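Chemist: For reference, the structure I am asking about is given below.
The values are calculated or read from the model by the stated rules, or taken from the named source; none is laboratory data. Everything numeric here is computed off the predicted structure, so don't read it as measured data. Cβ sites come from the backbone with ideal geometry, for glycine too, and all protein chains shown count toward neighbours. What goes into the accessible areas is simple: the full protein's heavy atoms, side chains included, and nothing from ligands, DNA or RNA. Shrake-Rupley method; radii C 1.70, N 1.55, O 1.52, S 1.80 Å.
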Amino acid sequence: MNHVPDEALAAIDAFGEGHLRGEPTPVRERLRSDLRIRILPEGDRTARCRFETEHTRAPPTLRDRGSFLATYVDGVDDRLRAWGIDPPDAYEYRRTVEGTHRYEGVLSLP
């Protein structure tokens with residue numbers, strides 16, 4: 001089951017298509033009320049993917065928050081792979097800013 005909103009999937013598609021044209025569009029979308037995704041190109045072959053979440057705890061990786069949240073991450077990763085973009089094995093906790101936990105990973109672009 002895919003829980004990723006259509007708007008977020010369209011933004012990932014625009015990023016993938018833009019990368020193929022040499023002009024990737026940053027992604028800034030809400031996946032649910034307490035979860036957002038940001039994808040920013042860092043060069044020709046990499047991009048930074050960051051999930052921002054509001055929760056009482058911040059485990060070492062985003063998928064450690066549980067299977068329901070993992071379905072969102074899996075949906076995003078599946079869509080990235082469809083564009084030939086390799087997601088990281090895990091999105092790791094980086095820091096908390098004003099109550100929002102940030103999890104990041106580097107995407108390998110085709």
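Chemist: Over the range 1-107, average the accessible area per residue using a 1.4 Å probe and give it in Å², no decimals. Show your work: numbers first, answer last.
Modeler: Numbers: 5700 Å² over 107 residues.
Here the per-residue accessible area is 53 Å².
Chemist: Under a Cβ-only charge scheme (Lys and Arg +1, Asp and Glu -1), can you give me the dipole magnitude of the range 3-66 about the Cα centre, in debye to the nearest 20?
Modeler: Taking the Cα centre of the range 3-66 as origin, the dipole is about 300 debye.
Chemist: Any idea what the relative contact order of the chain is, in percent, if you count C-alpha pairs under 8 Å spaced at least 6 apart? Don't skip to the answer; put the middle values down first.
Modeler: On the way: 197 pairs, mean separation 29.4, N = 110.
Rounded, it is 27 percent for the chain.
Chemist: While we're looking at this one, here's another question. If I fit a long axis through the Cα atoms of helix 67-82 and take the longest principal axis of the Cα atoms of the chain, what angle between them do I get, 0 to 90°, rounded to 10?
Modeler: The helix 67-82 is inclined about 10 degrees to the chain.
Chemist: Label the range 1-63 by shape, choosing from rounded, prolate and oblate, from the square roots a ≥ b ≥ c of the eigenvalues of the Cα gyration tensor; if a/c is under 1.5 it is rounded, and otherwise prolate applies when a/b is larger than b/c, oblate when it is not. Show your work: numbers first, answer last.
Modeler: Values: a/c = 2.74, a/b = 1.59, b/c = 1.73.
The shape class here is oblate.
Chemist: Could you tell me how many degrees, from 0 to 90 and to the nearest 10, lie between the Cα long axis of helix 6-21 and the main elongation axis, the longest principal axis, of the Cα atoms of the chain?
Modeler: Here the helix axis deviates by roughly 40 degrees.
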